[in-house]
Amino acid sequence: MSDVSSLEAEVAKLIVRTLTLKVDPAQIQPEEPLFGDGLGLDSIDALELSLAISQFYGHQIRSDDPDTVATFASLRSLCQSIEKHRTK
Amino acid sequence: MTVGWLRQRERGSRIASRFMIWMALFVGRPATRALLYPICVYYLIFSKQACRAIRPYLIRALGGPISRRDLYRQYHCFASTLLDRVYLLAGQGNRFDIDIRGLDVLKDRVARGQGCILLGSHLGSFEIVRAIGLTQQDIEIKVLMYEQHTPMIRDLFRDLNPAVADAVIRTGSPNSMLRVKECLDRGGVVGILADRLLKQDQATACTFFGKLARFPAGTMWLASILKVPVILFFGLYRGGNRYEVHFELFAEEVTIDRRHRDREVQRWTQRYADRLEHHCRLAADNWFNFYDFWEEQR
């Protein structure tokens, strides 16, 4: 298991809380896919999640950004994107 | 889980379809429509599976025993709207005689710059929305759809009008719904056809013609997150060059309490199913879900 940064732990909690998932945030592996096989999120979840991220970190994820699909690949990639663009 | 309509491959060859488009645009609508008669008879004879699949719907919608003529009307209506899509995409919407009802519910909101969800179905033609004068005001109209099942038709229509291909938001990508949200934020209109269940969709069971059928659960959930007005749309084909288009306010906002998500999604979707059933009774032959809708034949 790879190390989990504090931001990753925080965002894992945000994901679980926003989407009311029945998983323990600590169980979300940073490299595990968020969509499909991994955590099993869908595109409506992605929308909710992006709204929550915009609210808490001031980072608006946009569909026309070529990196968007990569951003949603895993908890780690999502946190890297937040780290880079956050305004709060 | 298997969903009936995905199993039914789109029939007809690319060459035949290209020929029909050429006929439509260069020979004319009356001559091309004449060809629809033998084509529909052909399908009536050879597409046994689709005939069998649509039978339970027709019995319910028409309220009694059905004849081959009823089946034929179904095919002919479908073929007619498919042909008319060629004209709509070619920008010839003015050739149709369209009776528009309730347009103000959409127009007023769009004029205020308010994004709206246009909730449609596979009853009649959604494409006819392009012919009702909304588009002249430079209003962005996008349609959320699962496209992969009809690559041939998609390519053909893309050749006719590349701008329309851009107007499709494909489902299935993490950013699909971000695109929906962004379009609505710009004051655009997003069409969603909410009657067809896809393999990956979560379902909610609603009473439809007195019997439970599964509808996609995601539509109402999405609407509740987007918090924009939801307007029902039915583009009914009425024979000849006539269409009858209905707009109805479904909800200023779909509100769903997450704690009772399943129950409330079902309640909202049932309202949609009820309106769909109402319009099915007005135009039974416009039903283009040529598959086992109630999943009774497995």
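Overview of results
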quantity	calculated
Scope region B:125-168; condition modelled with pLDDT under 75, in a helix (DSSP H, G or I), open to solvent by less than 60 Å² (accessible area, probe 1.4 Å) and within 21 Å of B:VAL110 (Cβ to Cβ); matching residues	B:THR135
Per-region count, region B:280-292, residues part of a helix (DSSP H, G or I) and open to solvent by less than 40 Å² (accessible area, probe 1.4 Å)	4
Test: residue in region B:249-271 that is aliphatic (A, V, I, L, M) and within 16 Å of the chain's Cα centre (by Cα)	no
Single condition B:GLU295 does not satisfy, out of (1) in a helix (DSSP H, G or I); (2) touching a residue at least 12 places away in the same chain (Cβ under 8 Å)	(1)
Spans of helices (runs of 4 or more DSSP H) in chain A with at least 3 residues in contact (Cβ under 8 Å) with a residue 60 or more places away in the chain	A:6-18, A:75-85
Region B:258-277 residues that are closer than 17 Å to A:ILE44 by Cβ, paired with ones that are among the acidic types (Asp, Glu) and surrounded by fewer than 18 Cβ atoms within 10 Å (Cβ to Cβ) (beta carbon under 7 Å, 6 or more apart)	B:GLU264/B:ASP257
Subset of region A:29-51 that is under 12 Å from the mean Cα position of the chain (by Cα) and under 17 Å from B:ARG261 (Cβ atoms) - its residue that is most open to solvent (accessible area, probe 1.4 Å)	A:LEU51
Every residue from region B:66-124 that is in contact (Cβ under 8 Å) with a residue 24 or more places away in the chain, within 30 Å of B:ALA31 (Cα to Cα) and part of a loop (DSSP other than H, G, I, E, B)	B:ALA90, B:GLY91, B:PHE96, B:SER121, B:HIS122
Which listed residue is away from chain B (no Cβ under 11 Å) and modelled with pLDDT of 90 or more, from A:ALA46, A:ALA12	A:ALA12
Residue ID - nearest to the other protein chains (Cβ to nearest Cβ), chosen from residues in region B:169-203 that are among the hydrophobic types (A, V, I, L, M, F, W, C) and in a loop (DSSP other than H, G, I, E, B)	B:LEU198
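The values are calculated or read from the model by the stated rules, or taken from the named source; none is laboratory data. This one's a predicted model, so the numbers in the text were calculated from it and none came from an experiment. As a convention, Cβ positions derive from the backbone with ideal geometry for all residues, glycine included, and neighbour counts pool all protein chains shown. Just the protein is used for accessible areas: all its heavy atoms, side chains included, with ligands, DNA and RNA removed. Shrake-Rupley method; radii C 1.70, N 1.55, O 1.52, S 1.80 Å.
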